[in-house]
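The values are calculated or read from the model by the stated rules, or taken from the named source; none is laboratory data. Predicted model only: the values in this text are computed from it and were never measured. Because the Cβ atoms are built from the backbone with ideal geometry, glycine has one as well, and the counts that use them run over all protein chains shown. Side chains are part of the model used for accessible areas, which takes the heavy atoms of the whole protein and leaves out ligands, DNA and RNA. Shrake-Rupley method; radii C 1.70, N 1.55, O 1.52, S 1.80 Å.
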Amino acid sequence: CLGVTQARKFRIEEESGERVIAPSPTNDWVEVPIVTHLPLSGTRGTDPLSRNHINVLTADVVVALPGGAGTRSEIGLAAQYGRPLVLYLGGETVDGHSAEEILHDIDGGVTVVATPADFEARLRELLA
C-alpha cells in the first residue's frame, strides 16, 4: 500500500554490541512491513537499488495516496510492471502532480477514485 510504507520505519538499536532491527510503532495500519537491504527510495525510487521495486512487485494492488517523490516513483513502477493501480488523492497531489497529470503520464492500468466508497468497491473488484 503506497503512501503508508514510509510511515512504518525501522530503527537499528545497539544492544550488547549487536545490531537488532526492531519495528518502530509509528503506523498501526501496516500489517506486513517489507524490510530490505536496498538503500534507495524517494527521488531515486526507480533506481535498481531502490526498495520501491519490491514494494510494487509484492503488492496484489498498488494503492497510491497523496505523497512525495517516492510515491510518484512507485506509481511509475506499477505502470512499468503492469500492476493494478488505484489512485486515491482526494484533491491532493503526488509530488506536486494531480491525478490528471499522472494519468497523462501513464499508459492505462490506473483507476482514479474520488470517494471512500468508490475506493473500497474498486479494491474489492481487483482483489476478488
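Just a few scattered comments:
- Pairs of alpha carbons in the stretch 36-116 whose separation is greater than 22 Å (percent): 16 percent
- Inter-label distance for residue 111 and residue 61, nm, one decimal - labels placed 7 Å from Cα along Cα-to-Cβ: 0.5 nm
- Computed from the Kirkwood radius of its Cα pairs, the Stokes-Einstein diffusion coefficient for the stretch 84-128 at 4 °C and 1.567 mPa s stands at 117 µm²/s.
- Peptides ranked, highest mean first, by Cβ atoms within 10 Å: ranges 106-112, 57-63: 57-63, 106-112
- Using a probe radius of 1.4 angstrom, the carbon and sulfur fraction of the accessible surface of the stretch 35-128 is 53%.
- ³J(HN,Hα), Karplus 6.51/-1.76/1.60, whole Hz, each residue of the stretch 109-125, x for Gly, Pro: x, 10, 10, 9, 10, 10, 10, x, 5, 5, 4, 4, 4, 5, 4, 4, 4
- For residue 112, distant residues with modelled amide H under 5 Å away: 87
- Label point at residue 36 placed 7 Å out along Cα→Cβ; residues across the stretch 64-89 whose backbone nitrogen lies under 16 Å: 70-83
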